[in-house]
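Bear in mind these aren't lab numbers, they're just calculated from the coordinates by the rules spelled out. Treat the numbers as computed from the prediction; the structure is a model and nothing was measured. Here Cβ is always computed from backbone atoms with ideal geometry, including for glycine, and neighbour counts include all displayed protein chains.
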Amino acid sequence: MRRRSLLLAVPAGLLTLAGCGDDKPDKSSASSSSSPSPANSAAPSAKIVSGPVPDITKGTKFGEKPTVAKGTGKPSSDLAVKTVVQGDGVTVAKSDFLQANYLGQIWDTAKVFDNSYDRGAPAVFQIGVGQVIPGWDQALVGKKAGSRVELVLPPALGYGEQGNPQAGIKGTDTLVFVVDIVDSFNGKSSAKGDTAAQDDKALPKVGTDTDGKAPSIDVPKTAAPTKLVSEYVIEGDGAELKADDQVLVQYKGVLWADGKEFDSSYKRGQLTQFSLQQVVKGWAQGLTGKKVGSRVLIVVPPALGYGDNPPKDSPIKKDSTLVFSVDILAKM
């Protein structure tokens with residue numbers, strides 16, 4: 001089981017997909033999270049200063065696992081932030097889902113307590129809204145993707161007086177982080193990749209605009225397929241999803257019967273995150289094996305959707321065939 005980030009101030013609650021999820025609990029979230037209680041989530045706004053920060057002695061390029069020297073002297077009681085590499089990508093905004101690699105260690109000892117580089121994939125989490133330790137929320141909003149940022153956090157902006165015993169962090173420890181900001185996602189994010197052919201006239205045609213607006217879905221006046229359909233509309237170049245992955249997506253769902261929209265993350269202006277083990281079988285099977293960065297057409301027959309038990313107060317009727325456009329933005 002992939003180890004969860006120690007950065008989280010609270011366990012990252014998995015959202016049941018509106019109009020698309022089931023009631024199965026996530027058996028992995030409690031056991032895999034090493035997140036402490038959010039006792040310090042109301043930390044006061046910090047004064048940001050430029051240092052001191054320890055030297056990065058190896059792995060100095062963006063994306064390389066860094067080696068960071070032990071802190072010398074007394075660390076600042078303020079939040080020290082230094083942009084080591086200036087990126088030119090999208091600017092991180094409050095409430096964005098930040099994708100980043102990072103390494104964290106203790107100022108006094110240089111003991112590394114967590115890093116994403118060894119896990120082989122960047123972490124993805126919402127920034128600026130209390131989902132991560134306060135120093136991250138206050139330091140990284142406004143930075144650009146492609147940047148490497150070094151942070152030195154006093155205890156109040158890390159894990160507070162309780163520390164994080166599981167990671168060997170005491171309540172008096174000052175923490176040092178090197179953060180490589182890979183990307184940032186929000187309600188206007190879209191798939192990125194090559195447009196795929198949509199030649200089958202018996203299948204819905206999905207729009208290929210990538211301006212952050214909901215794509216069109218044109219359902220043909222033909223009988224709905226009886227088997228699951230999962231086809232690229234835009235093929236990204238990211239990793240292929242596994243059956244137990246957690247994902248960050250934009251999506252839109254319409255009914256095959258009349259083409260009417262019944263659910264959309266675009267309309268809510270908010271991205272959706274979930275585990276492929278938590279959604280209806282049509283979504284789980286349709287997204288497994290698809291590449292991050294892609295837009296995917298999924299046609300879900302009743303047996304792999306809601307069958308004769310549709311969600312209460314939903315436009316979805318019994319034995320409805322469902323049509324979705326799903327933009328796979330990131331793997332969590």
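Table for the structure above
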read-out	value
Förster-model FRET efficiency, 56 Å R0, Thr226 and Lys94, C-beta, rounded to 0.05	0.75
Leading residue at positive end of dipole, the chain (Cβ point charges), from Gln162, Gly187, Ser50	Gln162
Options [x] 21.9; [y] 16.8; [z] 21.0 - which one matches mean projected area of the Cα convex hull in nm² as calculated here	[y]
Subset of Lys82/Lys192; Lys281/Lys331; Lys65/Lys143; Lys65/Lys192 violating a 23 Å alpha-carbon distance limit	Lys82/Lys192; Lys65/Lys192
Within the chain, helix-based [θ] at 222 nm, where runs of 4 or more DSSP H residues each add -39,500 (n - 2.57), nearest 500	-1500 deg cm²/dmol
Taking region 36-185 and dividing mean pair separation by its residue count, relative contact order in percent (alpha carbons under 8 Å, at least six apart)	30
Fraction of beta bridges assigned by DSSP in the chain that are antiparallel (%, nearest 5)	95
Size descriptor, Kirkwood hydrodynamic radius, that averages inverse alpha-carbon separations across region 36-185, Å	15.1
Fully extended contour minus Cα-Cα distance, from Asp200 to Gln86, at 0.36 nm per residue	36.5 nm
Assigned charges on the beta-carbon of Lys, Arg, Asp, Glu; region 205-292 dipole about Cα centre (debye)	260
Cβ-derived FRET efficiency at R0 30 Å, Glu240 paired with Ala110, nearest 0.05	0.25
Relative contact order (%) - criterion: Cα under 8 Å, at least six apart; region: region 194-331	30
Ranked by how many other beta carbons lie within 10 Å on average, peptides 105-114, 169-178 from highest	169-178, 105-114
Restraint check, Lys70/Lys188; Lys94/Lys317; Lys201/Lys260; Lys205/Lys242; Lys188/Lys318, Cα-Cα greater than 30 Å	Lys70/Lys188; Lys94/Lys317; Lys188/Lys318
